[in-house]
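The values are calculated or read from the model by the stated rules, or taken from the named source; none is laboratory data. Keep in mind the model is a prediction, meaning the values are calculated, not measured. In this analysis, Cβ positions are derived from the backbone assuming ideal geometry, glycine residues included, and neighbour counts consider all displayed protein chains.
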Protein chains: 2
Amino acid sequence: LQREAISHGKRGMTLEEDLNETNQYYLDVGKAVIHKKPTPVQIVNVDYPKRSAAVIKEAYFKQASTTDYNGVYQGFYIDFEAKETRNKQSFPLQNFHDHQLSHMEQVEKHNGIAFVIIRFSLTEEIFLLPYQSLEKYWTRMKQGGRKSMTKEEIQQNGYQISLGIQPRIDYLTIVDHLCK
Amino acid sequence: LQREAISHGKRGMTLEEDLNETNQYYLDVGKAVIHKKPTPVQIVNVDYPKRSAAVIKEAYFKQASTTDYNGVYQGFYIDFEAKETRNKQSFPLQNFHDHQLSHMEQVEKHNGIAFVIIRFSLTEEIFLLPYQSLEKYWTRMKQGGRKSMTKEEIQQNGYQISLGIQPRIDYLTIVDHLCK
Ligand SMILES: [Mg+2]
Ligand SMILES: [Mg+2]
C-alpha cells in the first residue's frame with residue numbers, strides 16, 4: 001500500500017470515473033444497480049468539534065478484502081475489479097491480490113458473475129476478462145510462469161469494449177454473453 | 001452525521017460485530033459471500049512520509065448512498081441494512097434514509113433480495129424485516145403517519161431471529177423463505 005496505492009489511485013481515476021458514470025447511467029435507465037465500494041480506511045483518531053462535523057485526524061488506507069464493484073443485474077449478482085496499466089503489450093498480474101482472486105472464486109462458486117475490467121491506458125483499449133481466464137494466468141504465475149498476461153492472451157480470452165458516450169463503458173452487453 | 005453518526009456507530013457495534021462474524025462463518029463453510037461495505041469517507045488531506053505508510057490527516061464521514069451489506073447466496077443478490085434501537089416498544093424510522101429506501105427498491109426491481117435486520121438492544125430481540133414491509137411504514141410516515149414501526153408491526157411483518165453461537169445471527173434461514 002502507501003505510495004504505490006496512491007499512484008495506482010491516480011492512474012486509475014479515469015477508468016474508475018468512466019465506470020462510475022456508466023453505473024449511474026445503468027441506474028438512471030433502470031438497467032442495473034451496481035456501485036463502487038468505498039475505499040477501506042482504518043480510522044485511528046477522530047475529533048468532535050462542538051458545532052461542526054466530526055473530523056478524522058488520523059487514518060490509514062487498508063487493503064480491500066474484496067473487489068471494487070458489485071451489484072445486481074437481471075437477478076444476477078455481478079462482481080468485478082477494475083485495473084489499468086501503462087504497459088503496451090502485457091498486463092502485470094501483481095495488480096491483483098490473492099484475496100481478490102479467492103473472493104472472485106467464491107463468487108463464481110455461489111453462481112455470481114465475476115470478472116475484471118482492464119484498460120491499457122496509453123491506447124485506451126478496454127477489455128472484460130472473465131474470472132476463469134484470469135485464474136488460468138494467475139495459476140500459471142503461481143506455478144513459476146510469467147508474471148503478466150500478454151495483450152494477445154487477453155484478446156483471445158476476453159472481450160474488447162469500445163468506449164462510448166452514454167454509457168461510456170457498456171460492459172453489461174458483454175455480461176449478457178456470460179449469463180447464458 | 002457528526003456526533004449522531006458516531007453514537008449510532010457505538011451503539012451499533014454489537015449488531016455489526018455479530019453480523020460480521022456470521023458472514024465470516026457463512027464464507028468459511030461455503031454458504032454465502034456477503035460482506036460489510038467500508039464506511040464511506042471523504043478524504044481531504046493525506047501525508048506521505050518517506051519510509052512509512054500514507055497517513056490520512058483530514059477526512060470526513062460521508063453519508064452512505066446504499067446499504068451496509070451485500071453479496072451473493074445461492075445465486076441470489078442479497079442486500080441489507082442493519083440498525084439497532086434502545087427503544088422498547090417501537091423502532092424509529094429516522095434510522096433510515098430516503099436514498100437507502102430507494103436503493104432497496106431498485107434492488108428488488110432487479111430481482112435482488114432487500115431487507116433490514118433490526119435489533120432491540122435492551123431485550124436483544126432481532127428481526128429480519130423484508131423491504132416491502134419497511135416500505136409500507138416508510139410511506140405511512142411520508143404521508144403524515146407515525147415516525148416509527150411498533151414492535152407488534154415488526155413481529156407481524158418480519159421474522160424473529162434467535163441469537164445463536166455459530167452462526168450468531170442465522171439470517172439466511174429466513175432468506176430461504178424469501179427466495180421461494
Ligand atoms: Mg481497482
Ligand atoms: Mg447500519
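Do you know which residues across segment B:146-180 are part of a loop (DSSP other than H, G, I, E, B) and either charged (D, E, K, R) or surrounded by 12 or more Cβ atoms within 10 Å (Cβ to Cβ) (or both)? Within segment B:146-180, B:R146, B:K147, B:G158, B:L163, B:G164, B:P167, B:R168, B:I169, B:D170, B:Y171, B:K180 meet the criteria.
Out of segment A:129-180, which residues are among the aliphatic types (A, V, I, L, M), out of contact with any Gly (no Cβ under 6 Å at 6 or more places or on another chain) and under 16 Å from A:A82 (Cα atoms)?
Filtering segment A:129-180 for residues among the aliphatic types (A, V, I, L, M) gives A:129, A:134, A:141, A:149, A:154, A:161, A:163, A:165, A:169, A:172, A:174-175, A:178.
Still in the list and also out of contact with any Gly (no Cβ under 6 Å at 6 or more places or on another chain): A:134, A:141, A:149, A:154, A:161, A:163, A:165, A:169, A:172, A:174-175, A:178.
Selection gives A:L134, A:M149, A:I154, A:I161, A:L163, A:I169, A:L172, A:I174, A:V175.
Mind checking which residues of segment A:31-51 are outside any strand (DSSP E or B) and facing another protein chain (nearest Cβ under 7 Å)?
Kept after step one, since they are outside any strand (DSSP E or B), are these residues of segment A:31-51: A:31-32, A:37-40, A:48-51.
Correct list: A:A32, A:K37, A:P38, A:T39, A:P40, A:Y48.
Using the structure shown, decide if A:D79 is more than 21 Å from A:E16 (Cβ to Cβ), acidic (D, E) and within 16 Å of ligand 1 (Cβ to nearest atom). Against the criterion (more than 21 Å from A:E16 (Cβ to Cβ), acidic (D, E) and within 16 Å of ligand 1 (Cβ to nearest atom)), A:D79 does not qualify.
Conditions (1) away from chain A (no Cβ under 14 Å); (2) at pLDDT 95 or above, marked per residue:
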{"site": "B:Q63", "(1), (2)": "no, no"}
{"site": "B:D68", "(1), (2)": "no, no"}
{"site": "B:V72", "(1), (2)": "no, yes"}
{"site": "B:G75", "(1), (2)": "no, yes"}
{"site": "B:I78", "(1), (2)": "no, yes"}
{"site": "B:A82", "(1), (2)": "yes, yes"}
{"site": "B:N87", "(1), (2)": "yes, yes"}
{"site": "B:Q94", "(1), (2)": "yes, no"}
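Say whether the condition of being more than 23 Å from B:N111 (Cβ to Cβ) and among the aromatic types (F, W, Y) is met by at least one residue in segment B:53-65.
So in segment B:53-65, the residues more than 23 Å from B:N111 (Cβ to Cβ) come out as B:53-63.
After this cut, where a residue has to be among the aromatic types (F, W, Y) as well, the list is B:60-61.
Within segment B:53-65, one or more residues are more than 23 Å from B:N111 (Cβ to Cβ) and among the aromatic types (F, W, Y).
Condition check ((1) hydroxyl-bearing (S, T, Y); (2) within 16 Å of ligand 1 (Cβ to nearest atom); (3) without any contact (Cβ under 8 Å) to a residue 60 or more places away in the chain) across all residues:
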position	(1), (2), (3)
A:V46	no, no, yes
A:K57	no, no, yes
A:Y60	yes, no, yes
A:A64	no, yes, yes
A:N70	no, yes, yes
A:P92	no, yes, yes
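How many residues are closer than 15 Å to A:G75 by Cβ and either acidic (D, E) or surrounded by fewer than 21 Cβ atoms within 10 Å (Cβ to Cβ) (or both) when one looks only at segment B:68-106?
Let us first name the residues in segment B:68-106 that are closer than 15 Å to A:G75 by Cβ, namely B:70-79, B:106.
Those still in the list that are either acidic (D, E) or surrounded by fewer than 21 Cβ atoms within 10 Å (Cβ to Cβ) (or both) too: B:74-75, B:79, B:106.
Selection size over segment B:68-106: 4.
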